[in-house]
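Enquirer: Would you mind keeping the following structure in view while I ask a few things?
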2 protein chains.
Amino acid sequence: MNYLQPYIVSFKNYLESSLIGNSPSTLYEPADYILSLGGKRIRPILVLLGTHLYEESFEKALDAAFAIEVFHNFTLVHDDIMDQAELRRGQLTVHKKYSTNQAILTGDVMLIHSYEKLLGYSPVLSHMLVSVFSKMAEELCKGQQMDMDFETRENVSIGDYIKMIELKTAVLLGAALKIGALIGNAADSDAEHLYQFGINFGIAFQLQDDVLDVFGASAHVGKTIGGDIIQNKKTYLFLKSLELASDEQKSNLVRLYSGHSNMSETDKVEWVTKTFTSLLVKEYAQQVMEAYRDLAISHLHSCSIDVGKKELLISLVNDFLNRES
Amino acid sequence: MNYLQPYIVSFKNYLESSLIGNSPSTLYEPADYILSLGGKRIRPILVLLGTHLYEESFEKALDAAFAIEVFHNFTLVHDDIMDQAELRRGQLTVHKKYSTNQAILTGDVMLIHSYEKLLGYSPVLSHMLVSVFSKMAEELCKGQQMDMDFETRENVSIGDYIKMIELKTAVLLGAALKIGALIGNAADSDAEHLYQFGINFGIAFQLQDDVLDVFGASAHVGKTIGGDIIQNKKTYLFLKSLELASDEQKSNLVRLYSGHSNMSETDKVEWVTKTFTSLLVKEYAQQVMEAYRDLAISHLHSCSIDVGKKELLISLVNDFLNRES
């Protein structure tokens, strides 16, 4: 994905020269730590790209790109506490490396700092950016809540699941692009189409993530293959399997995901993966993913940007959805 | 404090008809719960008052007053987790009534919602409000961090302590007034003097709180007399005592506050209170409090508001600083 290099380089330089704060160091060091762990940086790239669709100097979007990345990392810090996750990108999570109290407070200051970074634009533009950002941030909390509620809820539908990943994952991609577009002075209708593009791409992106979690290359650093299965996550693959399964398969799946099974983790992952494979749910997921991808691209075609830039975004979508880890 | 009734009534009506959100109810119910527990509501009152200094229709500040109260309650929810507090205003804390995960996430959505409530003003005004608010919110996190750091730090000076309570408590009172004044279209210099008024009043207010914690009427609902002593809080009373104590008293105080003492909580509170009394630190605190009160009032006199309104604010300061619980 060489065509993303200018954005990646620009953002990394900005990130390396940026500090959220200095003192007290106990407050800010954990923020530097999580931000230094890396990741695909897709969200800040989308902000920069959103601006670059309309203006040459995409660097003016760097503050907003940083805001989005800091916000994303805030959600990781707090979600990792809630999920009792020990590792993130192969390194200790913030609450494991420091403490739960520290992770709560540093997460809070990261959320606040992400708002502050959006205030450096003109008052009218800042007001628009903060409005988009706040709505998205509240939706993310709703998505995380739904995800937690699903753990103990029995009747989760595929529709519920899609709504949950829309809120928990996709709106952030949509908002990143929209914020970038607004900084680039895009027309309202374009900003809205890019928002919808991002949401639909985001849903496809998360479905791909679910598939990779089970069927991805096991060399993937810092992630366990079948982690979702071990954690009884009611993903699309699981919910579609319930729909298609025989009575026997269904009761086995429900029991295995209830937390009351004695099967070893390895055996459980193996059995569930085999069931997923036999029910062809990976292929169903692929179809749904393609539908969301096509919807995303149709929104892109409604934007008044030139063909070359549309193609760049289409490449990005396809490259991310065809990734193997 | 009858003169505050119009603001209290107006705010309570607004609060009763307001919901942060509905769905998922698991996310928003804990927010309603903590907001319904009451309290003095001094912060939203200061917002309304700040506007009323400059405009008849202080009701236009209700959204901002709500933002400030929701924010304050967010800090209570997260601080109560960090302090492992079980009771708040005589009722279960959010993390005890629901769960720590729930308290983290509901706190997050409350913080986000408080920003959202500031966005309903004109873009230029909103931008000013969010800027004041964000700076204050970050300072509060710093204050909370300093408070946590002090638990294990040996050499805390009285200056460090005053800085900590300025950040953790006072800037919120200052920001509440400033936000109100900005909504009332006050001149920048007035808004700044009111901010400083609020900060100095806030420091005095917290010192009074420290005194009441040890010497207040024991009928005070939902609070244990000597709670700060039990929790080894390095308050002004403790730090001033260290300064004035004999070598023997000093080593006793340090040992009692180290967590390595076998003395019962009741005996500890009794012994420490007696030491505080013999060293006259309550009287010292009173003097410092009066100095901050006078500084607050001098900032008030620099504001271009009429005498009647100044006197109202002076009454408020004196009533709050002379309170017995």
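Enquirer: Select, from B:MET128, B:MET148, the only residue that is at negative phi and open to solvent by less than 40 Å² (accessible area, probe 1.4 Å). Quick ask: steps written out before the conclusion?
Expert: On the way: B:MET128 fails: open to solvent by less than 40 Å² (accessible area, probe 1.4 Å).
Step by step, each of B:MET128, B:MET148 is checked, and only B:MET148 is at negative phi and open to solvent by less than 40 Å² (accessible area, probe 1.4 Å).
Enquirer: Considering A:ASN262, A:ASN322, which residue is at pLDDT below 95, within 25 Å of A:ALA170 (Cβ to Cβ) and not hydroxyl-bearing (Ser, Thr, Tyr)?
Expert: On the way: A:ASN262 fails: within 25 Å of A:ALA170 (Cβ to Cβ).
Only one candidate passes the filter, namely A:ASN322.
Enquirer: Now a separate question. Kindly indicate the residue of the stretch B:249-270 that is crowded, with 17+ Cβ neighbours inside 10 Å and hydrophobic (A, V, I, L, M, F, W, C) and also nearest to B:ASP210 (Cα to Cα) among those meeting that condition. Working first, answer last.
Expert: Step one: list which residues in the stretch B:249-270 are crowded, with 17+ Cβ neighbours inside 10 Å, which gives B:252-253, B:256-257, B:268-269.
After this cut, where a residue has to be hydrophobic (A, V, I, L, M, F, W, C) as well, the list is B:253, B:256, B:269.
Values: B:LEU253: 17, B:LEU256: 18, B:VAL269: 14 Å.
Selected residue: B:VAL269.
Enquirer: Follow-up question, since we're still on this one. Would you pick out the residues in the stretch B:133-161 that are among the hydrophobic types (A, V, I, L, M, F, W, C), closer than 18 Å to B:ALA175 by Cβ and in contact (Cβ under 8 Å) with a residue 60 or more places away in the chain?
Expert: The answer is B:PHE133, B:ALA137, B:LEU140.
Enquirer: Go through the stretch B:70-116 residue by residue and tally those that are of a type in the set (A, V, I, L, M) and either under 14 Å from the mean Cα position of the chain (by Cα) or assigned by TED's automatic domain parsing to the domain that holds B:ALA137 (or both). Step through it out loud before you land on a result.
Expert: Narrowing the stretch B:70-116 to residues of a type in the set (A, V, I, L, M): B:70, B:76-77, B:81-82, B:85, B:87, B:92, B:94, B:103-105, B:109-112.
In the following step, the residues that additionally are either under 14 Å from the mean Cα position of the chain (by Cα) or assigned by TED's automatic domain parsing to the domain that holds B:ALA137 (or both) were identified as B:70, B:76-77.
Selection size over the stretch B:70-116: 3.
Enquirer: A further question on this structure: Within the stretch B:170-177, is even one residue free of Cβ contacts under 8 Å to residues at least 60 places away in the same chain, within 7 Å of another protein chain (Cβ to nearest Cβ) and of a type in the set (A, V, I, L, M, F, W, C)? Outline the logic, then answer.
Expert: Filtering the stretch B:170-177 for residues free of Cβ contacts under 8 Å to residues at least 60 places away in the same chain gives B:170-171, B:174.
Narrowing the set further to residues that are within 7 Å of another protein chain (Cβ to nearest Cβ) leaves none.
There is no residue in the stretch B:170-177 that is free of Cβ contacts under 8 Å to residues at least 60 places away in the same chain, within 7 Å of another protein chain (Cβ to nearest Cβ) and of a type in the set (A, V, I, L, M, F, W, C).
Enquirer: Which of (1) within 30 Å of A:PHE197 (Cα to Cα); (2) out of contact with any helix residue (DSSP H, G or I) (no Cβ under 8 Å at 6 or more places or on another chain); (3) among the polar types (S, T, N, Q) does A:ASN262 not meet, given it meets every other one?
Expert: Condition not satisfied by A:ASN262: (1).
Enquirer: For the stretch A:1-22, give me each residue that is modelled with pLDDT under 95, under 24 Å from A:VAL94 (Cβ atoms), open to solvent by 60 Å² or more (accessible area, probe 1.4 Å) and not aliphatic (A, V, I, L, M).
Expert: A:GLU16, A:SER17, A:ASN22
Enquirer: Select from the stretch A:298-310 the residues that are modelled with pLDDT of 95 or more and assigned to a helix (DSSP H, G or I) and write down the one among them that is farthest from A:GLY180 (Cα to Cα).
Expert: Filtering first and then ranking leaves A:SER298.
Yes/no per residue for (1) modelled with pLDDT of 95 or more; (2) open to solvent by 30 Å² or more (accessible area, probe 1.4 Å); (3) over 29 Å from A:GLN231 (Cβ atoms):
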| residue | (1), (2), (3) |
| --- | --- |
| A:PRO24 | yes, no, yes |
| A:GLY50 | yes, no, yes |
| A:ASP80 | yes, no, no |
| A:LEU92 | yes, yes, no |
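Enquirer: Can you confirm whether the stretch A:97-109 contains a residue that is over 26 Å from A:VAL156 (Cβ atoms), in contact with a Gly (Cβ under 6 Å, 6 or more places away or on another chain), open to solvent by 40 Å² or more (accessible area, probe 1.4 Å) and touching a residue at least 60 places away in the same chain (Cβ under 8 Å)? Quick ask: steps written out before the conclusion?
Expert: Step one: of the stretch A:97-109, the residues over 26 Å from A:VAL156 (Cβ atoms) are A:97-109.
Of the ones still in play, those that are also in contact with a Gly (Cβ under 6 Å, 6 or more places away or on another chain) are none.
Checked the stretch A:97-109: no residue is over 26 Å from A:VAL156 (Cβ atoms), in contact with a Gly (Cβ under 6 Å, 6 or more places away or on another chain), open to solvent by 40 Å² or more (accessible area, probe 1.4 Å) and touching a residue at least 60 places away in the same chain (Cβ under 8 Å).
Enquirer: Something else: Within the stretch A:102-126, can you find the residues that are polar (S, T, N, Q) and either more than 9 Å from chain B (Cβ to nearest Cβ) or under 28 Å from B:VAL124 (Cβ atoms) (or both)? Can you show your working first?
Expert: Residues of the stretch A:102-126 that are polar (S, T, N, Q), as a first pass: A:102, A:106, A:114, A:122, A:126.
Scanning the stretch A:102-126 gives A:SER114, A:SER122, A:SER126.
Enquirer: Among the listed residues B:ASP79, B:ASP83, B:ASP63, identify the single one that is touching a Lys or Arg at 6+ places or on another chain (Cβ under 8 Å) and of a type in the set (D, E, K, R).
Expert: On the way: B:ASP79 fails: touching a Lys or Arg at 6+ places or on another chain (Cβ under 8 Å); B:ASP83 fails: touching a Lys or Arg at 6+ places or on another chain (Cβ under 8 Å).
Matching residue, one of B:ASP79, B:ASP83, B:ASP63: B:ASP63.
Enquirer: Something else: Within the stretch B:230-244, does at least one residue satisfy the condition of being assigned to a helix (DSSP H, G or I), surrounded by fewer than 18 Cβ atoms within 10 Å (Cβ to Cβ) and of a type in the set (Ser, Thr, Tyr)?
Expert: no
Enquirer: Has the stretch A:25-47 got at least one residue that is without any contact (Cβ under 8 Å) to a residue 60 or more places away in the chain, hydrophobic (A, V, I, L, M, F, W, C) and within 14 Å of chain B (Cβ to nearest Cβ)?
Expert: no
Enquirer: Follow-up. Can you name the number of the only condition in (1) within 14 Å of chain B (Cβ to nearest Cβ); (2) over 15 Å from the mean Cα position of the chain (by Cα) that A:LYS163 fails?
Expert: Unmet for A:LYS163, out of (1) within 14 Å of chain B (Cβ to nearest Cβ); (2) over 15 Å from the mean Cα position of the chain (by Cα): (2).
Enquirer: Next question, about the same structure. Just one of the numbered conditions (1) in contact with a Gly (Cβ under 6 Å, 6 or more places away or on another chain); (2) closer than 24 Å to B:MET136 by Cα is not true of B:ILE68; which one?
Expert: That leaves (1) as the condition not met.
Enquirer: For the stretch A:168-198, which residues satisfy the criterion of being within 15 Å of the chain's Cα centre (by Cα) and either open to solvent by less than 10 Å² (accessible area, probe 1.4 Å) or modelled with pLDDT under 95 (or both)?
Expert: A:ALA170, A:VAL171, A:LEU172, A:LEU173, A:GLY174, A:ALA175, A:ALA176, A:LEU177, A:PHE197, A:GLY198
Enquirer: Within the stretch B:106-129, how many residues are touching an Asp or Glu at 6+ places or on another chain (Cβ under 9 Å) and under 13 Å from A:HIS113 (Cβ atoms)?
Expert: Adding up the residues that qualify gives 1.
The values are calculated or read from the model by the stated rules, or taken from the named source; none is laboratory data. From a predicted model like this one, the values you see are computed outputs, not experimental measurements. Cβ atoms come from the backbone with ideal geometry, glycine included; neighbour counts cover every protein chain shown. Ligands, DNA and RNA are stripped out before the accessible areas are found, and what is left, the full protein with its side chains, is counted by its heavy atoms. Shrake-Rupley method; radii C 1.70, N 1.55, O 1.52, S 1.80 Å.
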